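Report on the structure given below.
Where a number appears in this text, it was derived from the coordinates with a stated rule and is not lab data. These figures come from a predicted structure and were not determined experimentally. Heads up, the Cβs are rebuilt from the backbone with ideal geometry, glycines too, and the neighbour counts pull from every protein chain shown.
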Amino acid sequence: MVEIVCSPPKQLVILECTQYPSIEALSKTIATIIRVGQPLVLKWAEGVTFSYSLLPPTTDSLMKEFLEGRIYWTDVVFALMPEYKSTIKVGTLDIPVIDVSPNPILREAAEWMKLSAQK
């Protein structure tokens, strides 16, 4: 029998975090990124819509950090959006939004963004 171990990260390090003044402003930026060919899906939890870029553990030192339970997001963009919507329309483009509330790490990150938000 194989032992299965779930070992969630112990620490999330965000290297750059940008709050947009509104969901409309964030959506326009995301729409531009999608239109130039970069696939992107927004995430939502705790009244915050956000996107992040994960720094993959591609070096020995990053892999060591990863195995010790530390993950890095190189950048986060977010805006407050109290109510969940499955899509945000920008012109003719529908940007998908995934409710990631069941994920404890993403939920905690969203709560941190919400608490640090400039209102």
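Side notes on the structure shown:
- Under 5 Å from the amide H of residue 48 lie the amide H atoms of 81, each residue being 5 or more positions distant or on a separate chain, with H modelled from the backbone and absent for Pro and chain starts.
- DSSP-loop GluC sites (Glu not before Pro) across the stretch 11-105, with at most 15 other Cβ within 10 angstrom: 16, 68, 83
- Selection of trypsin sites (Lys or Arg not before Pro), the stretch 10-50, meeting DSSP coil and at most 15 other Cβ within 10 Å: 10
- Tilt relative to the chain, helix 23-35 - C-alpha long axis, 0 to 90 degrees, to 10: 80
- Percent of beta bridges antiparallel (DSSP, the chain, rounded to nearest 5): 60
- Cα coordinate range in the stretch 1-89, projected on the principal axes (Å, largest first): 47, 28, 23
- Under a model in which nothing but the beta-carbon of Lys, Arg (+1) and Asp, Glu (-1) is charged, the chain shows a dipole of about 320 debye around its Cα centre.
- Between the residues 12, 91, 61, the greatest Cα displacement towards the positive end of the dipole of the stretch 11-116, with unit charges on the Cβ of Lys, Arg, Asp and Glu, is found for 91.
- Ellipticity estimate at 222 nm from DSSP helix runs (n ≥ 4, -39,500 (n - 2.57)) divided over the chain, nearest 500: -8500 deg cm²/dmol
- Helix 104-116 vs. the chain, principal-axis angle (Cα, 0 to 90°, nearest 10): 50
- The stretch 76-119, relative contact order in percent, only Cα pairs under 8 angstrom and at least six apart counted: 26
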